[in-house]
Amino acid sequence: MDKLRIEGRRRLAGRVEIGGAKNAALPAQAACLLTDEAVSLSNLPAVRDVRTMTRVLEGLGAESSADGGDRLTLRVPRIVAEEAPYELVKTMRASVLVLGPLVARHGRARVSLPGGCAIGERPINFHIEGLRRLGAEIVLEHGYVEARAERLRGAEYSFPFKSVTGTENLMMAAALAEGETVLRNCAQEPEVVDVAKLLRAMGAEISGEGTDEIVIRGRTSLGGARHHVIPDRIEAGTYLAAAAMVGEDVVVAGCDPEAMLPILEQFAAAGVEIERGDDSLRVCGPRALAAQDLRTAPHPGYPTDMQAQYVAMMTQAHGTTLVSETIFEHRFMHASELMRMGADLRIDGHNCVVVGPRSLTGAQVMATDLRASACLVLAALAAEGETVIHRIYHLDRGYECMEGKLGRLGAAVERIR
Ligand code: EPZ
């Protein structure tokens, strides 16, 4: 398994280009199941999860052709199988995004229950309840969701709690249901808005995306489309955190500052001075960081996917920070490894107290999940000496060639195969 070796305390300077959003790419790929025409996606990130999703879709009947760059064209002339198998779903729970489109297009689906992961139990009861409301008959057995529907019928469904993939799954299912569907308490993340934009380009009648109420008028069929995936606001935020911690003069380019306002406001309150461009952000450091409490929340709140990176940043801030993780029940896996590097942290359920500033020292550390890995990279950049991060396949799921991007900014990062 690959590792990353990082020699800390190099100042970062230069320009880093942000890729397409993994969490917009995955539902966009799943949407190709809704039509027998070609769906051409550009600005896809070259990350493991996108490759995994392509494999899941090929197993269901998709023909894929990549142009060698960031464009992937998917076409599903017909559904040849209706199962998303355990061995694939267990490596990527976002495979559950094929459930809605499969039932809507094909009338049948057999998707492995994703099971928990490092950050929490990750149930999909809202996805299931919503599909039942749309008329699907669903049985859970042998660790699988078995769903059947002659044709889905429009209905009303309110999410008990905002769910990103839950909203995306039901939006896609409703696009081919008969009649009108009203989804309430929907997730409002930019990635959800991007999926709705793709569905509309395919001929779906959707309104309200980005608010907490989305109305979909189902069609009998959808067509192909070309779609440019939005930039990854979490990748951008991760490099912004690196710049805030060890940056001299860093430009994060090809991002969408508008989609990052919750992150920018939180960072500014912590003393990070950020110059905003139309599609770029510039951070000149080093700046003394100030402790600033954080509470994660569904968009337009501060994203949970940027919580671990913020904890790393607060180890270098003056003062004591209270970080409250309100979305997932177990998303402080990074804390114990940070403590081994010298951070002064205390975990109490959903809260993490960070006392800073603490000078960190390099260590052998273990990645546990995607964003925890990013947190360890940030800590390693600020630490004195050498850090080796094990199991960085977690990192490769959502970050494209991080060692290359950081290396071009002047960091001493080497991948050990
Ligand atoms: C999406 O996961 C993202 N993944 C996650 O990013 C992100 O952390 C999360 O949204 C929250 O923003 C993708 O988009 C592929 P949720 P998702 O449904 O949709 C509970 C990353 O690092 N819930 O919004 O699975 C759930 O347990 C990943 O890129 C139910 O109880 O998250 C959680 O507490 C990690 N029942 C909360 O809702 C359900 O049926 C929000 O989860 C669904 C969710």
### Query
Taking a ≥ b ≥ c as the square roots of the eigenvalues of the Cα gyration tensor of region 177-242, is the shape rounded (a/c under 1.5), prolate (a/b larger than b/c) or oblate?
oblate
### Task
Mind checking which of Leu378, Gly135, Ala31 is farthest towards the positive end of the chain's charge dipole, using Cβ charges of +1 (Lys, Arg) and -1 (Asp, Glu) about the Cα centre?
Leu378
## Note on the structure
Heavy-atom accessible area of the chain with neighbours in place, 1.4 angstrom probe: carbon+sulfur share in percent works out to 47 percent
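Taking N as the number of residues in the chain, what is its alpha-carbon radius of gyration divided by 2.2 N^0.38 Å? Could you put the intermediate results ahead of the total?
On the way: Rg = 21.2 Å, N = 417, 2.2 N^0.38 = 21.8 Å.
Here the answer is 0.98, to two decimals.
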### Task
Give me D for region 238-351 in µm² s⁻¹, whole number, from Stokes-Einstein with Rh from the Kirkwood sum over alpha-carbon pairs, 37 °C and 0.692 mPa s.
227 µm²/s
### Estimated 222 nm signal from helices in the chain, with DSSP H stretches of n ≥ 4 weighted -39500 (n - 2.57), rounded to 500
-9000 deg cm²/dmol
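Rounded, prolate or oblate for region 22-228? Axes are the square roots of the Cα gyration tensor eigenvalues, ordered a ≥ b ≥ c, and the cut-off for rounded is a/c under 1.5.
Values: a/c = 1.28, a/b = 1.10, b/c = 1.16.
It is rounded, given that a/c, with a ≥ b ≥ c, falls under 1.5.
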### Task
Distance check, please: which entries in Lys22/Lys197; Lys162/Lys405; Lys22/Lys162 exceed 22 angstrom between their Cα atoms?
Lys162/Lys405
### Message
How much accessible area per residue does the chain have, counting only protein heavy atoms and a probe of 1.4 Å, in square angstrom?
### Response
38 Å²
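The values are calculated or read from the model by the stated rules, or taken from the named source; none is laboratory data. Given the structure is predicted, the values throughout are model-derived calculations rather than measurements. Using ideal geometry, Cβ is built from the backbone for each residue, glycine included, and neighbour counts are taken over all protein chains shown. We work out accessible area using only protein heavy atoms, side chains counted, and drop any ligands, DNA or RNA first. Shrake-Rupley method; radii C 1.70, N 1.55, O 1.52, S 1.80 Å.
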